[in-house]
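Read-outs: derived from the displayed coordinates by stated rules, not from any lab. All of these numbers come straight from a predicted model, not from anything done at the bench. Here the Cβ is made from the backbone with ideal geometry for all residues, glycine too, and neighbour counts use every protein chain on show.
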Amino acid sequence: MIISKEHITEQGRLKISALSPNIELGGQWPPMGIEAVNPFELPLLNTVILLSSGVTVTYAHHSLIQGNRSGALYGLVATVVLAIIFTGLQGVEYTVSSFTISDGVFGSSFYFGTGFHGLTLVAPFIFIYILLKTKKIYNLESCQHNSNVETDNKLLISIPSYKNKEANSYYLQNNFLE
């Protein structure tokens, strides 16, 4: 199916013309005077850090399933550290860029896309940090991961009663807070 000019709305024309390199932009993308970020430098490092944080949070999850409390804590700590490094490197990328958000469509698209992507990544990392702080104070158990507890698959929080020094784990009291 061929789309004619009559089928394209005014908004569609505006979007297409804003992202297409026309003669006023020097016929190139990004526009003349704007140097794009090299994807094989800092963005590649950020990608490796994000993939590594996925590995560490998966390790924490599997440690939680196996009842390895220290492994879960180490995995969550590593995930939070990687999140802090990622956020710092994203800030470095913003400061060394040769363009700003007010440099036309390219700058707006770059900062809008990377900003919202960073926001969707930082929010779960904040949640993981809160989970980590909660896990240090209390012992969290999910009933789907613990076959010993007979409940309706709710997240249960219990205060540890005493510590087993040999196993480095906590024995839980029977009174759970829901």
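Details
- In plain terms, the bigger the Kirkwood radius, the slower the diffusion; for segment 87-130, with that radius from Cα pairs, at 25 °C and 0.890 mPa s, Stokes-Einstein puts D at 217 µm²/s.
- Under 11 Å, Cβ to Cβ, from Val96 - net charge with Lys/Arg +1 and Asp/Glu -1: -3
- The calculated FRET efficiency for His62 paired with Glu41, based on their beta-carbon distance and R0 = 41 Å, is about 0.80.
- Centre-to-centre, using Cα atoms only, segment 71-87 and segment 34-51 are separated by 20 Å.
- Per-residue HN-Hα couplings for segment 41-50 [Karplus 6.51, -1.76, 1.60; θ = phi - 60°; Hz; x = Gly/Pro]: 10, 5, x, 5, 4, 4, 5, 5, 5, 5
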